[in-house]
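Some notes on the structure that comes next.
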Amino acid sequence: MALPEGLLAVGGDLSIERLSDAYSQGIFPWFNEGDPILWWSPDPRMVLACNDFRVSHSLDKKLRQIARGDHDAQASVQIRINTAFVRVIRACAEPRGSLAGTWISPQVQAAYHAWHRAGYVHSIETWINGELAGGLYGVSLGRFFFGESMFARVSDASKLALAYLVRFLQRQGIRHIDCQQQTSHLASLGARPMDREDFLLLLAEARTHATPQWPKGRLMADGRLAPLPALTP
């Protein structure tokens, strides 16, 4: 049974098998480098229903501008999947503001990279003029997506990736994104707290479906994924 703040267990490892079993039960690891592995199941749980995703007027304008270049191979702004996973997770691990540390330690990066190679962890990337400008990574199991972390080197770059991700998920029949912890930023995008019991029921139903394929490629505004055979990771 989880403690009130959500701590459920201590110890274990970050093998693919253990991570998969944990996420299937709504449990995730979160701990500081050098500490024992801590496993969490918060109550309430922050969840973004894809249909509730909200964007500002300025971001909506940017999205419409980007969409006009969807079929241009040389478009200055492109949203891609799984073309730079290692770079994305490393960028997410970089210190932010006055925070010197990160929970995305080399141990965590190695574990999720292995899970990525197994086909269950994915990066969504915003590229601007050929440079990685922002993005996010997360876990896909059944018809559920677990958002892990995001970063932006250019204003709104991570939000652009999230907006395109939402459309991709909807096209795959995935209706919810687990955001784990409550923040005002996530609430501004449409995420809402959900009781743990309700979250687990939602997850259990989503896990009855097969996990969709996430091939490497470029995302279109309507959620389709176009192949990019010439790209290298």
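On inspection, Leu169 qualifies as hydrophobic (A, V, I, L, M, F, W, C) and modelled with pLDDT of 95 or more. Number of residues in region 191-206 that are open to solvent by 80 Å² or more (accessible area, probe 1.4 Å) and basic (Lys, Arg): the value is 1. Only one of the listed residues (Trp115, Trp103, Trp127) is of a type in the set (Phe, Trp, Tyr) and at pLDDT below 95. That residue is Trp103.
Quickly run through region 187-205 and pick out the residues that are assigned to a helix (DSSP H, G or I), within 29 Å of Arg218 (Cα to Cα) and in contact with a Ser or Thr (Cβ under 9 Å, 6 or more places away or on another chain). Ser188, Leu203, listed by residue number.
Is it the case that some residue within region 87-96 is buried (at least 22 other Cβ atoms within 10 Å of the Cβ) and assigned to a strand (DSSP E or B)? No. In the set Leu19, Leu59, only one residue is within 20 Å of the chain's Cα centre (by Cα), in contact (Cβ under 8 Å) with a residue 40 or more places away in the chain, under 30 Å from Gly130 (Cα atoms) and in a helix (DSSP H, G or I); that residue is Leu59.
Only one of the numbered conditions (1) farther than 30 Å from Phe31 by Cβ; (2) modelled with pLDDT of 95 or more is not met by Asp72, and that is (2).
Just name the residue that is surrounded by the most Cβ atoms within 10 Å (Cβ to Cβ) out of those in region 139-186 that are in a helix (DSSP H, G or I) and free of Cβ contacts under 8 Å to residues at least 12 places away in the same chain.
His185
Annotation note: of Gln107, Gln74, the sole residue that is in a helix (DSSP H, G or I) and either under 21 Å from Leu189 (Cβ atoms) or open to solvent by 10 Å² or more (accessible area, probe 1.4 Å) (or both) is Gln107. Among the residues of region 118-131, those that are hydrophobic (A, V, I, L, M, F, W, C) and in contact with a strand residue (DSSP E or B) (Cβ under 6 Å, 6 or more places away or on another chain) comprise Val121, Ile124, Trp127, Ile128.
Of all the residues in region 110-125, those that are in a strand (DSSP E or B), in contact with a Leu (Cβ under 7 Å, 6 or more places away or on another chain) and within 30 Å of Leu201 (Cβ to Cβ) number 1. The number of residues in region 37-61 being of a type in the set (Lys, Arg) and surrounded by 19 or more Cβ atoms within 10 Å (Cβ to Cβ) comes to 1. Pairs are defined by a Cβ separation below 8 Å, a sequence spacing of at least 6 or placement on different chains, a first member in region 126-138 that is in a strand (DSSP E or B) and surrounded by fewer than 20 Cβ atoms within 10 Å (Cβ to Cβ), and a second member that is at pLDDT 95 or above and among the small types (Gly, Ala, Ser); the pairs so defined are Ile128/Ser76; Ile128/Ala157.
The values are calculated or read from the model by the stated rules, or taken from the named source; none is laboratory data. As the structure is a computational prediction, the values presented were derived from the model and not from experiment. Neighbour counts are summed over all protein chains in view; Cβ atoms, including those assigned to glycine, are modelled from backbone coordinates with ideal geometry. Accessible surface areas use protein heavy atoms only, side chains included; no ligands, DNA or RNA. Shrake-Rupley method; radii C 1.70, N 1.55, O 1.52, S 1.80 Å.
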